[in-house]
1. Mind counting lysine pairs for me in the chain? Cα separation below 27 Å, and the two need to be 8 or more apart along the chain or on different chains.
2. Under a crude label model (7 Å from the Cα following the beta-carbon direction), how far is ASP248 from ALA221 in nanometres?
3. Taking the Cα atoms of the stretch 6-323, what is the range of coordinates along each of the three principal axes, in descending order and whole Å?
4. Sorted by average packing, counted as other Cβ atoms within 10 angstrom per residue and highest first, what order do 162-172, 291-301, 312-322 take?
5. So if I take the centroid of the Cα atoms in the stretch 110-189 and the same for the stretch 24-72, what is the distance between those two points in Å?
6. If we count every other residue with Cβ under 12 angstrom of GLU215's Cβ, Lys/Arg +1 and Asp/Glu -1, where does the sum land?
7. So what's the stretch 186-334 giving for Cα Rg divided by 2.2 N^0.38 Å, two decimals?
8. Before rounding to the nearest 500, sum -39500 (n - 2.57) across all DSSP H runs of length at least 4 in the chain and divide by the residue total; then give [θ] at 222 nm in deg cm²/dmol.
Amino acid sequence: MAEKRQKLILDVDTGSDDAIALMLAVLSGRFDLPGVSVCWGNRPVEACARNTLQVLEWIGAGDIPVYAGCPEPMVRNLLPWRSIPNRVGVVEDGVEYTIHPRTMPVPAAVGEVQPQHAVSWMVETLLASDEPVTLVGVAPPTNLGMAFRMEPRIREHVREVVFMGGAVDRGNVTAVAEANFFHDPEAAKIVLDSGVPVTCVTLNATHSAEFTLAEADEMEALGTRAGALAAALIRLRAEASRRLGWSDGKTEAIHDALAVAFALDRSVLTDVRRQKCNIDISGGFADGMLIADHRCEDDASVSTWVSYRADSAKYHRLVLDALRRGPRGTLSGE
């Protein structure tokens, strides 16, 4: 008897690492995806939705519906001093080098985004499900926060939430804040405070399992469309990161796919601690910071977990195994 697939809703802002997360979720064959919800984030929500359609059609999964959701954070933009531009690239000599392309380097999508708002669809889908659903959020958590605020009953239908979000003693947008949680800390706090099990796949974990350019070559050598796209996106990210001064361009963290990998295989995270969590929403220097309480790691009433390290070899193997599947092809069409 075939293994029953786990029902999962993936919330994305596609995005380069979102694209790889999406391909991992679909091609692993382990999940039942009733649809993909899209949030604002790496690009405006309309562009992220179009990118999502492109990726799904490229890997032969164009039948999975895509729902566009919130175009901005819940409250952050109401306070001008809290609205910080999302820097994802740099322009040199008229050329944009970006970690998140405006459009995916694959053929334009022929399908359409669904007319229903992603949050309404998410609430309806959860309430109608006869089994608990895993929510994996790899975008600013606006859609998820709005869903929990709009209909608290969905908590009874959520198996767990896995966020790619947060960091402990490090950050990327600021010295202490990770981008997804920083861009909508109020939404993150709503979900963290909901009482459902939540695991935060942090920058600490994702940077402990970075991909090399040699691994990108290995992905391309698979001869699949998914492998070709993943390789191109890792190279694109690495070059942009080098030009932005964020890295040496030799390795690259594929943050979002690690959250999907954890939903696939719990052992991919090797240091996960049960810690009470909060989010700074003060608007001050620590705005958007994930606050992990190290004093209560044996408190069974706590429903939040924070990850600190990943098994790099296992993570990379999960991604590579998924990228082997799906249609054959290259970005050049050969």
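What follows draws every value from the coordinates through simple rules; no lab data is involved. Fair warning: this is a prediction, and the values are worked out from it, not measured in the lab. Every residue, glycine among them, receives a Cβ derived from its backbone with ideal geometry; neighbour counts consider all protein chains shown.
1. On the way: LYS4/LYS314; LYS7/LYS189; LYS7/LYS276; LYS7/LYS314; LYS189/LYS276; LYS250/LYS314.
The number of close lysine pairs in the chain is 6.
2. 2.3
3. 48, 41, 40
4. Details: 162-172: 23.9, 291-301: 12.0, 312-322: 18.9.
Order by mean packing, descending: 162-172, 312-322, 291-301.
5. About 14 Å separates the Cα centre of the stretch 110-189 from the one of the stretch 24-72.
6. On the way: positive: ARG235, LYS250, ARG317; negative: GLU210, ASP217, GLU218, GLU220, GLU252.
Spelling it out: positives minus negatives among the neighbours equals -2.
7. Values: Rg = 17.9 Å, N = 149, 2.2 N^0.38 = 14.7 Å.
For the stretch 186-334, the normalised Cα radius of gyration is 1.21.
8. Working: 11 runs with 113 residues, N = 334.
Calculated from helices alone, the mean residue ellipticity at 222 nm is -10000 deg cm²/dmol.
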